[in-house]
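One structure below.
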Amino acid sequence: MAVPDPALLVVDDNEDNRYTLLQRLKRQGYTNLSTAVNGREALELMRARPFDLVLLDVTMPEMNGYEVLEHLKADPGLRHIPVIMISAVDQVESVVRCIELGAEDYLPKPFNPTLLKARVGASLEKKRLRDEVDAYVARIEADLDAARRIQLSMVPSHFPAPTAEEPVGIFASLYPARQVGGDLYDFFHIGPRTLCVVVADVSDKGAAAALFMARTKTLIRMLAGFMHGAGGATPEPHEVVARMNVELCEDNPHCMFATMLLATIDLGTRQLRFCNAGHPLPYVVGAAGVLALEAPRGKPLGVRPTFTYATTSRQLEVGDCLFLFTDGVTEALDADGQLFSESRLEEVLKSVTEGSTQSVVTAVVDAVRRFAGSAPQSDDIAALAVRLVS
């Protein structure tokens, strides 16, 4: 299917050539035709109105075909316009150069009506297909951008300041490697004096990971609230994680899985209790320095419903900061394929032992980005910091 009423521009300094080409194009049904006598005029016309195809002579005064092509391909607004070169039979080498510069095809002089029809029709058809692909990609990009905004709205974006009743500072960030991803963080209360914080990392990236992330995020709060309400006592982290594992194993035909670090902090006693399901070790940052919290690492969630998990406890002190993150931090790659690593993370954390939770998270994310440099982000990044202020 041809482009309806395509706009064609004929560029040739020879009046006889222009007239001949216009007449033959009209006989083939093309009516939206324009002309230019040199390359400079052609560029002015293309910047003023859209064209579907340009038939461009190689040899012209002021600006030849090579120069026009170079300007076209350097201009983001014009580089998509297909160009058919017009050349004499003895200018084949020039035509090859034009093709290398980005021309779509060529037409030899004198013009053969059958060849003219075939090459103009083929060029317009290829442009139509490219336009359809571009429009489809634009729709996909718009949908993914909307999905990104929706996904980011699923994690908390308001971080309340510490109060006497809530003596903790909290800050977190989420940066998907693509428009959407599988990392998540969350924080909420289980009972009046118990804060629950969680960071998780779903296998893979993209739309499938984002959907599994949404399912995981919903289950965390639902199960933690249900298990607290059922018995009155605050559930242990490993109990919540074990129940989540069973639920994520259900209806999981694509074998998606997630690693998770779920922790509770008793705001009265400052007791930290946490469960690690195949996740990077958390850190405590405080007056004593930077300490990785060693604990049993259970299996990721969603693999087998019979996996068991364990809770580890640690006493926190006033000023201690709990830092949770996903492996998009330590496994970030630079241009040489080197990992950011735990050692670099620990050096960053040592520089912010007394900083706010926002400064801790920001320092880590900025360090990862500086390290990666021009290398594309290889994985989703989530980071969360909680500091006891009294």
Between 0 and 90°, nearest 10: helix 113-154 axis offset from the chain longest Cα axis
20
Can you compute the helix-only [θ] at 222 nm over the chain? Use -39500 (n - 2.57) per DSSP H run of at least 4 residues, normalise by all residues, nearest 500 deg cm²/dmol.
-13000 deg cm²/dmol
With a point put 7 Å past each Cα toward its Cβ, work out how far Ser343 is from Lys26 in nm, to one decimal.
7.8
Ranked output for segments 59-67, 270-278 by mean other Cβ atoms within 10 Å, highest leading, reads 270-278, 59-67
Placing +1 on the Cβ of each Lys and Arg and -1 on the Cβ of each Asp and Glu in the chain, which of Gly229, Pro76, Ser378 has its Cα farthest towards the positive end of the resulting dipole?
Gly229
With just the Cα atoms defining each centre, how far is the stretch 47-105 from the stretch 253-287? Give it in Å.
61
Quick one: 3J(HN,Hα) in Hz for the stretch 191-199, Karplus 6.51/-1.76/1.60 with θ = phi - 60°, rounded, Gly and Pro as x.
x, x, 10, 10, 9, 10, 10, 8, 10
Quote the charge dipole size of the chain about the Cα centre in Debye, to the nearest 20; the model charges only the Cβ of Lys and Arg (+1) and of Asp and Glu (-1).
820
Compute the Rg to Rh ratio over the stretch 97-155 from the alpha carbon atoms, using the Kirkwood formula for Rh, and round to two decimal places.
1.35
As a Kirkwood estimate from alpha-carbon pairs, the stretch 54-119 has a hydrodynamic radius in angstrom of 12.0
Could you bin all the Cα-Cα distances of the stretch 156-388 into 5 Å bins starting at 0 and give me the percent of pairs in each, rounded to whole numbers?
1, 7, 15, 19, 21, 17, 12, 6, 2, 0, 0
Give me a comma-separated list of calculated 3J(HN,Hα) values for the stretch 159-173, in order, Karplus coefficients 6.51, -1.76, 1.60 applied at θ = phi - 60°, integers in Hz, x for any Gly or Pro.
10, x, 6, x, 10, 4, 6, 10, x, 9, x, 9, 8, 8, 9
In Å, the C-alpha Rg and Dmax of the stretch 198-261 are 12.3, 39
What percentages make up the Cα-Cα pair-distance distribution of the chain when the bins are 10 Å wide from 0?
5, 19, 21, 12, 9, 12, 12, 8, 2, 0
Fully extended, how many nm does the chain gain between Arg128 and Met154 (0.36 nm per residue separation, minus their Cα-Cα distance)?
5.4 nm
Compare the Cα positions of Ala288, Thr312, Leu261 along the charge dipole of the stretch 228-336 (+1 at Cβ of Lys, Arg; -1 at Cβ of Asp, Glu; about the Cα centre) and return the one farthest towards the positive end.
Thr312
Cross-link partners among aspartates and glutamates for Lys350, C-alpha distance below 16 Å, same-chain residues fewer than 8 apart left out?
Asp320, Glu342, Asp366
Glu141-Asp266 pseudo-label distance in nm [points 7 Å out on the Cα-to-Cβ vector]
5.4
Using 0.36 nm per residue, how much length does the chain from Glu100 to Asn112 gain when fully extended, once their Cα-Cα distance is taken away?
1.9 nm
Please compute the net charge surrounding Glu317, taking Lys and Arg as +1 and Asp and Glu as -1 over other residues with Cβ under 12 Å from its Cβ.
+2
Length-normalised contact order of the stretch 8-138, Cα under 8 Å, at least 6 apart, in percent, tallies to 21
Sorting Val137, Leu195, Leu56 by the position of each Cα along the dipole of the chain (Lys, Arg +1; Asp, Glu -1; all at Cβ), the one nearest the positive end of that ordering is Leu195
Proximal charge balance of Gln338 [Cβ under 14 Å; K/R count +1, D/E count -1]
-2
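Every number here is computed from the coordinates shown, using simple stated rules; none is lab data. Quick caveat: nothing in here was measured; it's all calculated off a predicted structure. Neighbour counts run over all protein chains shown; Cβ positions are idealised from the backbone, glycine included.
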